[in-house]
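The values are calculated or read from the model by the stated rules, or taken from the named source; none is laboratory data. Fair warning: this is a prediction, and the values are worked out from it, not measured in the lab. Cβ sites come from the backbone with ideal geometry, for glycine too, and all protein chains shown count toward neighbours.
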Amino acid sequence: MEAAAGIEPVELLVAGETVEPELLAEVSDLAHPPRVVAVFRRDDLPRGARPVTVALWRVTDPGNVGTLLRAADPFGAGVALSAGCADPTGPKALRASMGAIFRVPTVGFDEAVGRRVALVPHGGEPLDAVDLSGDVVLLLGAEREGLPSDVPRDVTASIPQHGESLNVAMAGTVALYEVSRRT
């Protein structure tokens, strides 16, 4: 998977071959120790902008950050991260990304360019009525605090729904699908 993305590990540790299995168990936070651990350089991960970007504002749950990286991958989108976001290279985010971290470029929150569409749980223009043509930045805030009103945006949109609101990773995935559906 990673070799296909053009990124080679700095180190490849294989239980029983290059390292004692007990050592891998010590460095892993998994319930069942891995047989292989690969070490990569952060600087080798993809960086840069794409025409569609999911911009995360202080999303602190690493599972949501990783899931949004995974969602961005099949839609050809990038991910922008603000200060205060969970580390996309942390163990939980890496697992949730399912390898997408090696294929999806990331940039800083303010580096994302395009029409800025802020997604809010309620009160925005229905997402299916919003202009999503051209370069689009889908702005998503942390689940508890949401997206502050002082974050610049061109339009505020909501995904029509009944009952509880979607979590940030699900909302981002639905929005990515909506952009993809129109192109």
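If the condition is being over 20 Å from the mean Cα position of the chain (by Cα), modelled with pLDDT of 95 or more, surrounded by fewer than 16 Cβ atoms within 10 Å (Cβ to Cβ) and in a loop (DSSP other than H, G, I, E, B), then segment 129-149 contributes Asp131, Ser133, Gly134. Of all residues in segment 70-80, those satisfying the criterion of being surrounded by 23 or more Cβ atoms within 10 Å (Cβ to Cβ) and in contact (Cβ under 8 Å) with a residue 40 or more places away in the chain are Ala71, Ala72, Ala77, Ala80.
Within segment 29-69, take every residue that is surrounded by fewer than 20 Cβ atoms within 10 Å (Cβ to Cβ) and part of a helix (DSSP H, G or I) and give me the one that is nearest to the chain's Cα centre (by Cα). Across segment 29-69, the extreme among qualifying residues is Gly63. Close contacts from segment 99-128, counting a first residue that is touching a residue at least 40 places away in the same chain (Cβ under 8 Å) and farther than 16 Å from Thr156 by Cα and a second that is small (Gly, Ala, Ser) and assigned to a loop (DSSP other than H, G, I, E, B), with Cβ to Cβ under 7 Å and a gap of 6+ residues or different chains, come to Pro105/Gly48; Val107/Gly48; Val107/Ala49; Phe109/Ser82; Glu111/Ala49; Ala112/Ala49; Val113/Ala49.
Does segment 150-183 hold any residues that are among the small types (Gly, Ala, Ser) and at pLDDT below 95, and which are they? Across segment 150-183, the qualifying residues are Gly163, Ser165.
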